[in-house]
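In what follows, a single structure is set out as C-alpha cells and then discussed.
The values are calculated or read from the model by the stated rules, or taken from the named source; none is laboratory data. These numbers were taken from a predicted model, which means no experiment stands behind them. A quick note on method: Cβ atoms are made from the backbone with ideal geometry, for glycine too, and the neighbour counts reach across all protein chains shown. Accessible surface areas use protein heavy atoms only, side chains included; no ligands, DNA or RNA. Shrake-Rupley method; radii C 1.70, N 1.55, O 1.52, S 1.80 Å.
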Amino acid sequence: MTAPARTEPDTTAAHEATGAPAPVPGGTAIRHGRFEHGLMFVAPFLALYALFLVWPVVLGIKMSLTSDNITGSGGEYVGFDNYTEALSDPDMWEALWQTVWFTLLSTVPLVLLGLVMALLAHGLRFVDWLWRLSWFAPYLLPSGVVGLLWLWIIYPADFGLADQLLAEFGLHPGIGWLTDPQYAMLSIVITTIWWTVGFNFLLYLAALQSIPQHLYEAAELDGATAWQRLWHITLPMLRRTTGVVVILQLLASLKIFDQVYIMTQGGPDGATRTTLLYVFEEGFTGYRIGYASAASYIFFALIVLVSLIHLHLARRTRQESTS
C-alpha cells in the first residue's frame, strides 16, 4: 500500500476565493532587491545628514552636560546642572518672554499682510510683475543690509528719516525708536515685517494660482459677489497654505537673532534681548559653551512643543472640516 501523494495547497485559488491579491512569485527577493538599490541611492544623503545634523546634535547634548568653555579644552561632567541653572535664571526667562512677545507681535501681521498682498497682486492685470517684484524684493536682501538700512531710517532720533516724515505731518518727532524700551521691540517688528513678508506673499500667490478658475466662473453665474467668492471659495481653498504659513512664521519668529544683534544688541535695558541672543552672549561672550548648549536645547524643546501643538490643532480642524 502506497501513501497518497502530497499536494501543495493552491494559494492562487485561495486568494481568488477571498478576494486578496495573489502573491507574486519571488516577491520577497524583489522587495529585498528594491530595498538594497534604494539604500544605495540614498546612502550619500544619509551620510551627509548624519555628518552635518545628527552628529552636531549628539555633540551638543554631550557639551550641555559638561562645563566646557569656548576654547574647546574640555570641561568636567556636571550632569544636568547647566539645565537646572538655566531654568532658574531670571535672565533666561526674560529673554524667553521677549522672544514670545516678538513672535506674538510679528506673526499675525506677517500672515495677514502676506495674504492681502497676494490677493492684490493676483487680481492685477497690468504691470503685475512690477508689484510682485517690489513686494518680494526686500526678502532678497541680506540681514546686515536690512539692519543698517533701518538704522538710518529710525535712528538717530530727531534727524532720522522716520522722524523727518513725522515732522512733515505735524507729529511729534524725536521718538527713541531704538533707545526707548517702549518702542525698541516695535521697531524690530516693523523692520522684520518689511523684510520677510515677501516670503508669505509668495506662498499665498502660488496657492491662489492653483485654485481652479471654473469655481469662480460657476459662482459668478450663480450671482455671487466678490466678497462671497472670497469668503466661500478663496479662503477655504487657502486653508492648508495658511496652516503652512503660520507654522513657518512661528518658527522663524522664535529664531529671531540677526535684526536684534545688528540694531539693538538686546538693548535698551534688555527690552529686545531674545533667547538666541542670550545663548550667543553666554557662549561667546561669557565663554560658557556647555551652559549655552543647555539653554539652546531648552529653547529647542519649546520650539518642538509649539510645532506639536500646531500640528495637533491643524489635524483636528481638518478632521472636523471633513466630517
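Remarks
- Scanning the range 82-100 for residues that are in a loop (DSSP other than H, G, I, E, B) and farther than 16 Å from GLY266 by Cβ yields one hit, SER88.
- Annotation: ALA184 fulfils all but one of (1) in contact with a Ser or Thr (Cβ under 7 Å, 6 or more places away or on another chain); (2) under 30 Å from MET237 (Cα atoms); (3) of a type outside the set (Lys, Arg); the unmet one is (2).
Quick grid of which residues meet (1) touching an Asp or Glu at 6+ places or on another chain (Cβ under 7 Å); (2) within 17 Å of ASP91 (Cβ to Cβ); (3) among the aromatic types (Phe, Trp, Tyr):
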site	(1), (2), (3)
LEU277	no, yes, no
GLU282	no, yes, no
TYR291	yes, yes, yes
ALA301	no, no, no
VAL304	no, no, no
HIS310	no, no, no
ARG316	no, no, no
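- Residues located in the range 142-201, provided they are within 30 Å of VAL245 (Cβ to Cβ), in a helix (DSSP H, G or I) and open to solvent by 50 Å² or more (accessible area, probe 1.4 Å): VAL145, LEU148, LEU149, GLN182, TYR183, LEU186, ILE190, TRP194, PHE199
- Taking the criterion of being modelled with pLDDT under 90, surrounded by fewer than 18 Cβ atoms within 10 Å (Cβ to Cβ) and not in a loop (DSSP other than H, G, I, E, B), the residues of the range 268-303 that qualify are PHE284, THR285, LEU302, ILE303.
- Residues considered: ARG288, ARG240. Of these, the only one that is among the charged types (D, E, K, R) and within 19 Å of PRO109 (Cα to Cα) is ARG240.
- A Cβ distance below 8 Å, combined with a sequence gap of six or more or placement on separate chains, defines the contacts here; from the range 69-93, residues that are more than 16 Å from GLY286 (Cα to Cα) and open to solvent by 40 Å² or more (accessible area, probe 1.4 Å) reach residues that are among the aromatic types (Phe, Trp, Tyr) and at pLDDT 85 or above in the pairs TYR83/TYR297.
- Residue list for the range 304-323, filter: at pLDDT below 80 and open to solvent by less than 40 Å² (accessible area, probe 1.4 Å): HIS310, ALA314
- Residues of the range 101-141 satisfying the condition of being open to solvent by 70 Å² or more (accessible area, probe 1.4 Å), assigned to a helix (DSSP H, G or I) and farther than 17 Å from ALA206 by Cα: TRP101, LEU104, VAL108, LEU140
- Qualifying residues in the range 242-264 (those that are touching a residue at least 60 places away in the same chain (Cβ under 8 Å) and not in a helix (DSSP H, G or I)) - the one least open to solvent (accessible area, probe 1.4 Å): ILE256
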